[in-house]
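Quick notes on the structure that follows.
None of the figures in this text is laboratory data; all of them are computed from the coordinates on show. Everything quoted here is computed from the prediction, not taken from an experiment. So basically every Cβ, Gly included, is an ideal-geometry build from the backbone, and we count neighbours across all protein chains shown.
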Amino acid sequence: MKCAICRNGNTVAGTITVALDKEETTLVFKNVPAQICDNCGEEYLSSETNKKLLQLANDAVRRGVSLELLKYAA
Ligand SMILES: [Zn+2]
């Protein structure tokens with residue numbers, strides 16, 4: 001797809017690292033599938049991936065995690 005930020009680049013499929021802060025919890029997800037702009041580097045997550053990350057974050061908050069490194073698995 002065409003990048004919505006720079007309007008010049010095209011996005012390519014890849015994986016990224018996403019850091020999430022929620023309340024007292026910090027989570028770092030490795031290996032998250034995303035579309036990345038080949039021009040400006042903007043990262044796009046699918047709504048499905050977004051939802052899953054938020055779900056995992058909510059779980060971690062409930063478990064009282066303060067810092068966790070997770071490998072994302074689709
Ligand atoms: Zn771009």
In Å³ and rounded to a whole number, note down the convex hull volume per residue for the Cα atoms of the range 11-71.
72
DSSP beta bridge pairing in the chain, given as percent antiparallel to the nearest 5
75
Filtered hits (lysines, Cα-Cα < 22 Å from K71, offset >= 8 within chain) -> K22, K30, K51, K52
Placing each pseudo-label 7 Å from Cα in the direction of the beta carbon, L56 and A4 end up separated by a distance in nanometres of 2.3
Mark the label point 7 Å from the Cα of V65 along Cα→Cβ and return the residues of the range 3-22 whose backbone N is within less than 20 Å of it.
15-22
Compute the length gained on full extension between S46 and A19: take 0.36 nm times their separation in residues and subtract their Cα-Cα distance, giving the result in nm to one decimal.
8.1 nm
